[in-house]
Amino acid sequence: MADRAAKKRTPVAVRPERGALLGAMFLMATSAVGPGFITQTSTFTVALGAAFAFAILVSILVDIAVQLNVWRVIGVTGRRAQELGNLVLPGVGWFLAALIFLGGMVFNIGNTAGAGLGLNAMLGVDAKIGGVVSAVIAIAVFLIKRAGAALDRIVVVLGALMILLTGYVAVVSQPPVGLAIRNAVIPDQIDFLVITTLIGGTIGGYITYAGAHRMLDSGVVGPANVRQITQSSVLGIIVTGVIRVLLFLAILGVVAGGAELAGQNQAAEAFQIAAGEVGLRLFGIILWAASITSVIGAAYTSISFITSSATAPRRRNLYTCVFIAVSAVIYLLVGQAPTTLLIAAGAVNGLILPVGFAVILWVAWRRRDLLAGYVYPRWLLVVGVLAWILTLFLGYQSLSGLAKLWA
């Protein structure tokens, strides 16, 4: 009888809906390439030129090391990050949940601001009105009866649209690809604050867990599903990397051509210079798509940290709607310049990453009881530890950088 019960609890290989895994992959990718990254890319490409390629390469490498470990540990254990934290050391999970929730709220204010800027570039509407309209659309996604399926579809469609449109502008702007490749390996200059901010904005905070937590909801858990877990995480990282590189090249082509970007929305200027009025409208679509998917991802993941698998889906969706609404209201009241807010949010998230990732690595190294007998690859653990050490250093660097960002 006991053996039969144990077998019943043991996860087996499952074949979830294809849309669910695609949704998890694109939720990770679109959360990582949100308005913060677009703003950072334009700001830092103007400042560093082709040398910014090194920061992008570092962020992608750290992303690979972090996401491969996060997806595998969460997927194999079948537990959310905060649950693992409390099992490693009572209270750590709730501390992590508080950090993620508060960081997600700060970042979502930036996401809402980005959505407003996107609609402004696309249709010419006031940025604050655009932010509110986008928040209402995001809330509507979670009010639909099959909210999970709606979430998956919207992030996949908008993610694919971002790749196509950004790729077009990257070709039109004719960037110096060879120079970018050389600087990715041998940069003309290295700015640690830039690297810290970029990693915080594309990997840190809620972004780290967005795809993995969505994967749990799709039912892909346990050692029997390691292959699906790995494939999904790798494909998600590839999608993320492609969007990052294309956006950088699109703006680099304009900067390398001698254009001066000095306005409040430098990315919009770059796209307009590269492809005229059409380029400006395309930028608006790209920024809005990146922003609203990030609004959805931030809300979904942040709420997943203060609820459990036992929470009724309807109640969880209502909490998510409230989270989005509060973010939009704060955005209307803050009055902070959107660009500064987006960059600062990335630096804040860079401080959160070392804490949560330490929990993941500890489970992989010392808690085999939580891995259901799965033998964790040593090489993957070593890569994760190296990335964690780097996040510690970058997190320390960001402490001094935060004051400068607000100056």
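Given the conditions (1) touching a residue at least 24 places away in the same chain (Cβ under 8 Å); (2) open to solvent by less than 60 Å² (accessible area, probe 1.4 Å); (3) part of a helix (DSSP H, G or I), which single one is not true for Arg281?
(2)
One line per residue, one yes/no per condition, for (1) open to solvent by 60 Å² or more (accessible area, probe 1.4 Å); (2) out of contact with any Pro (no Cβ under 8 Å at 6 or more places or on another chain); (3) at pLDDT below 90; (4) part of a helix (DSSP H, G or I):
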residue	(1), (2), (3), (4)
Pro175	no, yes, no, no
Ala184	no, yes, no, yes
Gly205	no, yes, yes, no
Leu235	yes, yes, yes, yes
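Could you list, in sequence order, all residues of the stretch 141-153 that are modelled with pLDDT under 90 and open to solvent by 40 Å² or more (accessible area, probe 1.4 Å)?
If the condition is that a residue be modelled with pLDDT under 90 and open to solvent by 40 Å² or more (accessible area, probe 1.4 Å), then Ile144, Lys145, Arg146, Arg153 are the ones that fit.
Tell me yes or no: at least one residue of the stretch 42-57 is of a type outside the set (Gly, Ala, Ser) and either under 17 Å from Ile238 (Cα atoms) or within 18 Å of the chain's Cα centre (by Cα) (or both). Outline the logic, then answer.
Our first condition is that a residue be of a type outside the set (Gly, Ala, Ser); within the stretch 42-57, this holds for 43-46, 48, 52, 54, 56-57.
Cutting the leftovers down to either under 17 Å from Ile238 (Cα atoms) or within 18 Å of the chain's Cα centre (by Cα) (or both) gives us 56-57.
Looking through the stretch 42-57, at least one residue is of a type outside the set (Gly, Ala, Ser) and either under 17 Å from Ile238 (Cα atoms) or within 18 Å of the chain's Cα centre (by Cα) (or both).
Within the stretch 333-354, identify whether any single residue is at pLDDT 90 or above and among the aliphatic types (A, V, I, L, M), and answer yes or no.
No, the conditions are met nowhere in the stretch 333-354.
Can you go through Ile195, Ile163, Ile229 and tell me which one is in contact with a Gly (Cβ under 9 Å, 6 or more places away or on another chain), open to solvent by less than 50 Å² (accessible area, probe 1.4 Å) and not basic (Lys, Arg)?
Ile229
Do any residues in the stretch 118-131 that are farther than 17 Å from Thr293 by Cα and of a type in the set (A, V, I, L, M, F, W, C) have Cβ atoms under 9 Å from those of residues that are outside any helix (DSSP H, G or I) and open to solvent by 20 Å² or more (accessible area, probe 1.4 Å), where the two are at least six apart or on different chains, and which pairs are they?
That search, which allows pairs on different chains as well, returns Ala121/Asn265.
What tally of residues in the stretch 1-40 results from selecting those that are modelled with pLDDT of 85 or more, open to solvent by 10 Å² or more (accessible area, probe 1.4 Å) and among the polar types (S, T, N, Q)?
Residues that pass the stated criteria total 0.
Filter the stretch 57-102 down to the residues that are in contact with a Leu (Cβ under 8 Å, 6 or more places away or on another chain), farther than 29 Å from Val242 by Cα and of a type in the set (D, E, K, R) and list them by number.
Arg79
One line per residue, one yes/no per condition, for (1) within 17 Å of Ala212 (Cα to Cα); (2) in contact with a Phe, Trp or Tyr (Cβ under 8 Å, 6 or more places away or on another chain); (3) of a type in the set (Ser, Thr, Tyr):
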position: Gly236; (1), (2), (3): yes, yes, no
position: Val242; (1), (2), (3): no, no, no
position: Val245; (1), (2), (3): no, no, no
position: Phe248; (1), (2), (3): no, yes, no
position: Gly258; (1), (2), (3): no, no, no
position: Gln272; (1), (2), (3): no, yes, no
position: Gly276; (1), (2), (3): no, no, no
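When the stretch 285-306 is examined, which residues are found to be crowded, with 24+ Cβ neighbours inside 10 Å and more than 22 Å from Gly204 (Cβ to Cβ)?
Ile286, Trp288, listed by residue number.
Taking Ile243, is it among the β-branched types (Val, Ile, Thr) and modelled with pLDDT under 90?
No: the conditions fail for Ile243.
Taking the conditions exactly as written (of a type in the set (Val, Ile, Thr) and more than 21 Å from Tyr374 (Cβ to Cβ)), does Val220 satisfy them or not?
So Val220 fails the test.
Evaluate the stretch 164-171: report whether one residue or more is among the aromatic types (Phe, Trp, Tyr) and under 26 Å from Ala387 (Cβ atoms). Break it down stepwise before answering.
First, the residues of the stretch 164-171 that are among the aromatic types (Phe, Trp, Tyr): 168.
Remaining after also requiring under 26 Å from Ala387 (Cβ atoms): none.
Among the residues of the stretch 164-171, not one is among the aromatic types (Phe, Trp, Tyr) and under 26 Å from Ala387 (Cβ atoms), which makes the answer no.
The values are calculated or read from the model by the stated rules, or taken from the named source; none is laboratory data. None of the values given here were measured: they were computed from a predicted structure. Because the Cβ atoms are built from the backbone with ideal geometry, glycine has one as well, and the counts that use them run over all protein chains shown. All accessible areas refer to the heavy atoms of the entire protein, side chains included, with ligands and DNA or RNA removed. Shrake-Rupley method; radii C 1.70, N 1.55, O 1.52, S 1.80 Å.
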